[in-house]
Amino acid sequence: MAKGGYVYIMTNKTRTVLYIGVTSNLNARTYQHKNQEGSHFTIKYKCYDLIYYEFFERIESAILREKQMKKWKREWKENLIVSFNPSKRDLFDEIQDF
């Protein structure tokens with residue numbers, strides 16, 4: 001049985017940089033980013049705020065979605081984020097119980 005997964009977007013304080021990732025444990029992965037244990041990109045550009053995520057029943061579907069989103073124009077990503085999280089607030093505290 002395949003394990004589910006998440007596609008997520010992290011950003012910096014000024015919301016100028018976007019990082020798209022995939023994980024099977026959103027809470028743990030976001031915690032890693034916030035504590036500078038994430039990717040080199042998120043550390044370099046200080047992307048510590050979770051502003052978007054999607055859940056998929058299969059991790060393979062999440063990986064495909066991540067690849068798709070990485071090819072998108074910035075405007076498309078922004079529209080997706082705002083439709084999910086209009087104020088672009090950090091959602092980390094909301095996922096603590098996952």
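The values are calculated or read from the model by the stated rules, or taken from the named source; none is laboratory data. Please read all numbers here as calculations on a predicted model, not as lab measurements. Neighbour counts run over all protein chains shown; Cβ positions are idealised from the backbone, glycine included.
The lone criterion from (1) more than 24 Å from Asp93 (Cβ to Cβ); (2) touching a Lys or Arg at 6+ places or on another chain (Cβ under 9 Å); (3) of a type in the set (Asp, Glu) left unmet by Glu75 is number (2). Here is a list of conditions, (1) touching a residue at least 60 places away in the same chain (Cβ under 8 Å); (2) buried (at least 17 other Cβ atoms within 10 Å of the Cβ); (3) not hydrophobic (A, V, I, L, M, F, W, C), and Gly5 meets all of them except one; can you say which number that is? Gly5 satisfies all of (1) touching a residue at least 60 places away in the same chain (Cβ under 8 Å); (2) buried (at least 17 other Cβ atoms within 10 Å of the Cβ); (3) not hydrophobic (A, V, I, L, M, F, W, C) except (1). Could you tell me whether region 11-25 includes any residue that is under 10 Å from the mean Cα position of the chain (by Cα), surrounded by 14 or more Cβ atoms within 10 Å (Cβ to Cβ), assigned to a helix (DSSP H, G or I) and at negative phi? Within region 11-25, none of the residues are under 10 Å from the mean Cα position of the chain (by Cα), surrounded by 14 or more Cβ atoms within 10 Å (Cβ to Cβ), assigned to a helix (DSSP H, G or I) and at negative phi. In region 71-98, which residues are touching a residue at least 12 places away in the same chain (Cβ under 8 Å) and either on the phi > 0 side of the Ramachandran plot or surrounded by 13 or more Cβ atoms within 10 Å (Cβ to Cβ) (or both)? Of everything in region 71-98, those that are touching a residue at least 12 places away in the same chain (Cβ under 8 Å) and either on the phi > 0 side of the Ramachandran plot or surrounded by 13 or more Cβ atoms within 10 Å (Cβ to Cβ) (or both) turn out to be Lys77, Leu80, Ile81, Phe84, Asn85, Lys88, Asp90, Leu91, Phe92, Ile95.
Does region 17-36 contain at least one residue that is free of Cβ contacts under 8 Å to residues at least 60 places away in the same chain, of a type in the set (Val, Ile, Thr) and more than 17 Å from Lys67 (Cα to Cα)? Within region 17-36 (the criterion being free of Cβ contacts under 8 Å to residues at least 60 places away in the same chain, of a type in the set (Val, Ile, Thr) and more than 17 Å from Lys67 (Cα to Cα)), the answer is yes, since at least one residue qualifies. Only residues that are in contact with a Ser or Thr (Cβ under 6 Å, 6 or more places away or on another chain) and modelled with pLDDT of 95 or more: list them for region 1-16, please. Gly5, Tyr6, Met10 - these are the residues of region 1-16 that are in contact with a Ser or Thr (Cβ under 6 Å, 6 or more places away or on another chain) and modelled with pLDDT of 95 or more. Once region 37-54 is narrowed to residues that are without any contact (Cβ under 8 Å) to a residue 12 or more places away in the chain and not basic (Lys, Arg), the residue that is nearest to Gln68 (Cα to Cα) is His40. Restricting Ile51, Ile43 to those that are more than 14 Å from Asp90 (Cβ to Cβ) and of a type in the set (Val, Ile, Thr) reduces the list to Ile43.
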